[in-house]
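The values are calculated or read from the model by the stated rules, or taken from the named source; none is laboratory data. In this text the structure is predicted, and so the values were computed from the model without any measurement. Methodologically, a virtual Cβ is constructed for each residue, glycine included, from the backbone with ideal geometry; neighbour enumeration extends over all protein chains shown. Protein only, heavy atoms only, side chains kept; ligands, DNA and RNA dropped before computing areas. Shrake-Rupley method; radii C 1.70, N 1.55, O 1.52, S 1.80 Å.
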Amino acid sequence: MKIDAQPFELEFDPATTALIIIDMQRDFIEPGGFGASLGNDVSLLQAIVPATARLIEGCRATGIPVIHTRECHRPDLSDCPPAKRSRGNPSLRIGDPGPMGRVLIAGEPGAGIIPKLSPLPAEKVVDKPGKGAFYATDLGEHLAGLGTRTLIFAGVTTEVCVQTTMREANDRGFECLLAEDATESYFPEFKRAALQMIRAQGAIVGWTAPVDMILDAFAPIDA
Ligand code: TIU
C-alpha cells in the first residue's frame, strides 16, 4: 500500500506496520499535571484527541497493532536522574504530590492515558523513563517479535518525546511516519519546525501525513 505522504510517497505493508501513541497521558493533557507544572498551556494538546482516536480506530480495524507509551517513573524515583527531576518549576517536580497524584509516577492517576484513548486490554503499553520509547524499555524486542518494519507515530509532544522516539526508531531501521494532526506541541512553532526537520533532506528521519490520508490508504476507495 502507498500513502501520498511528504516529502514523497511511502510504501508500506499493513502486516508489518504498527502504530505508536506517545504519552497521551493526563499529566501532559489535563490541567494540574506535569505539562502544566512546566508552565505550559495544556489546552492546545486536547485538540488532537479526536483525530488520534480516529487513527487508533482505523489501525484496530485494519489489524495494525496499537502500542501506547507512558512517560513515568518508579515511586522511589530510582529511574529518574536528578538532571531530569531538577527541570521545570521547583514548586512541582516529578514525584511531588499534585492534583492528579504524584507527578509522572507509575500507577498515579496523572500518569494514566486519557480515558478517550484508553488502550484495549490486549494492547501493549510501554512505560518509559526517558523521552525516547526505546531507551530502557522492551519496545525494540516487542517490535522484533511482531516483525514490524514501518511505524506510524502520534501523540505528544511533537518535538520532545515523539521526535526523540522517531529518531531512535530511524536509527534502528524502521520507516517512520508521523500523523500530522494527531501530534501536538505546547509550542506551535516547534511542531511546525519538527515536522519540517523530520521530512527534510529526503525524509532524513521519516515521513508526515494527515490522519485522513493514512486512513484512506488503509481503505482505498477504488480497491
Ligand atoms: N515537556 C514536553 O514537551 N514533553 C515532555 O516532557 N514529555 C513528552 O513529550 N512526552
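What to note about this one:
- Inter-probe distance in nm under a simple model that places probes 7 Å from Cα toward Cβ, at D171 and M197: 1.5 nm
- With all protein chains kept in place, the per residue accessible area of the range 124-223 amounts to 43 square angstrom at a probe of 1.4 angstrom.
- FRET efficiency estimate (nearest 0.05) - Cβ-Cβ, D96 to R149, R0 45 angstrom: 0.65
- Proximal charge balance of V126 [Cβ under 14 Å; K/R count +1, D/E count -1]: -4
- For the range 89-219, share of DSSP beta bridges that run antiparallel, in % to the nearest 5: 15 percent
- Inter-part distance where the range 33-81 and the range 159-186 are each reduced to a Cα centre, Å: 13 Å
- The convex hull defined by the C-alpha atoms of the range 148-205 has an orientation-averaged projected area of 3.5 nm².
- Summing charges over all other residues whose Cβ lies under 13 Å from the Cβ of Y135, with Lys and Arg as +1 and Asp and Glu as -1, gives -1.
- Accessible surface of the range 45-149, 1.4 Å probe, proportion on carbon and sulfur as whole %: 56 percent
- Calculated [222 nm] ellipticity per residue, helices only, for the chain: -8500 deg cm²/dmol; basis is -39500 (n - 2.57) per DSSP H run with n ≥ 4, divided by all residues, nearest 500.
- Chymotrypsin sites (Phe, Trp or Tyr not before Pro) restricted to DSSP loop in the range 1-73 with at most 15 other C-beta within 10 Å: F8
- Spherically averaged projected area of the range 65-172 from its Cα convex hull (nm²): 7.5 nm²
- Rounded to the nearest 5, the antiparallel percentage of DSSP beta bridges internal to the chain is 20%.
- Taking 17 Å as the cut-off, the amide N atoms of the range 60-75 that come nearer than this to a point 7 Å along the Cα-to-beta-carbon line of D13 belong to 63-65.
- Hz values of 3J(HN,Hα) by residue in the range 26-36 - Karplus curve (6.51, -1.76, 1.60), Gly and Pro given as x: 4, 4, 9, 10, 9, x, x, x, 5, x, 5
- Equivalent ellipsoid, the range 1-118 (semi-axes from 5 times Cα gyration tensor eigenvalues, Å): 32, 15, 14
- q = 0.09, 0.16 Å⁻¹: log10 I(q)/I(0) that the Debye formula gives for the chain, counting C-alpha atoms only: -0.33, -1.07
- Förster-model FRET efficiency, 22 Å R0, A219 and L120, C-beta, rounded to 0.05: 0.60
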